[in-house]
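The values are calculated or read from the model by the stated rules, or taken from the named source; none is laboratory data. Predicted model, so just to flag it, every value in this text is computed and none were measured. Here the Cβ positions follow ideal geometry from the backbone for every residue, glycine too, while neighbour counts run over all protein chains shown. Each accessible area value is taken on the protein alone, full model and side chains, heavy atoms only, with ligands, DNA and RNA left out. Shrake-Rupley method; radii C 1.70, N 1.55, O 1.52, S 1.80 Å.
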Amino acid sequence: MNIGLVIGSLRRESMSRKLATRLIEIAPASLRVTELEIGDLPLYNADLEAETPAAWTRLREGVRGSDGVLFVVPEYNRSLPAGVKNAVDVASKPAGQNLWPGRPVFVVAQSSGPLGGLAGSFALKQTLTGAGANVLSHPEIYLSRIGTLFAQDGKLVPDTQEFLRGALASFETFCARFAKR
Ligand code: FNR
């Protein structure tokens, strides 16, 4: 199955990106994960639909071709990063061409703090549910103090790795249930 990957942080040394890299390594072999880049998407503005920005078209084609979308996100001010919200909005438009209804999605949240990005994850899940996506509600992933979850070699510490391996297996099962292609 084709899985689109949205990484919620744009900075070079992003922990979300490091985490996503490890998730790809431990994902079930049946999942082919491709990043859906969001950093260059113009802010959603219906006026731009007259000459659809290439980055919007790229994102929409990526979402359309996916059997599920995995979000790996930090929390920004108790919500989701603006770039992630913009990507969800872009893929939900233009009217009548919302790509989210029925699409399986999974949110993995992380934070350098103690709360694991719970509020950001909830905000993202609310938006995705509102757009019509099928949000995998369990297991829930809120990785607190993310910097402590990587070993010296950059790999995830064993407990976290096994927990996430199981979570990705759940997402695979969830995607297979809804797969139409
Ligand atoms: C944050 N961070 C943060 N963390 C948190 O637990 N709750 C919060 O509300 C916020 N708010 C917030 C706002 C902004 C603008 C930034 C840049 C950061 C911290 C952030 O979530 C945390 O450091 C992540 O681990 C950063 O992820 P990346 O960029 O390394 O992927």
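Filtering the stretch 107-119 to residues that are open to solvent by less than 10 Å² (accessible area, probe 1.4 Å), more than 7 Å from the ligand (Cβ to nearest atom) and of a type outside the set (A, V, I, L, M, F, W, C) leaves only Gly116. Residue selection: Phe171 satisfies the criterion of being touching a residue at least 40 places away in the same chain (Cβ under 8 Å), of a type outside the set (Asp, Glu) and in a helix (DSSP H, G or I). In the stretch 72-98, the residues that are at positive phi reach residues that are surrounded by fewer than 24 Cβ atoms within 10 Å (Cβ to Cβ) with C-beta atoms within less than 6 angstrom, at least six apart or across chains, in these pairs: Arg78/Ala119. Within the stretch 34-62, residues that are within 14 Å of Ala91 (Cβ to Cβ) have Cβ atoms under 6 Å from residues that are among the acidic types (Asp, Glu) in these pairs: Tyr44/Asp89; Ala55/Asp40, counting only partners at least 6 apart in sequence or on another chain. Quick check on the stretch 90-106. Is at least one of its residues within 16 Å of the ligand (Cβ to nearest atom) and open to solvent by 30 Å² or more (accessible area, probe 1.4 Å)? Scanning the stretch 90-106 turns up no residue that is within 16 Å of the ligand (Cβ to nearest atom) and open to solvent by 30 Å² or more (accessible area, probe 1.4 Å). Criterion applied to Ala29, Ala20 was being aliphatic (A, V, I, L, M), out of contact with any Leu (no Cβ under 9 Å at 6 or more places or on another chain) and modelled with pLDDT of 95 or more, and the one residue passing it is Ala29.
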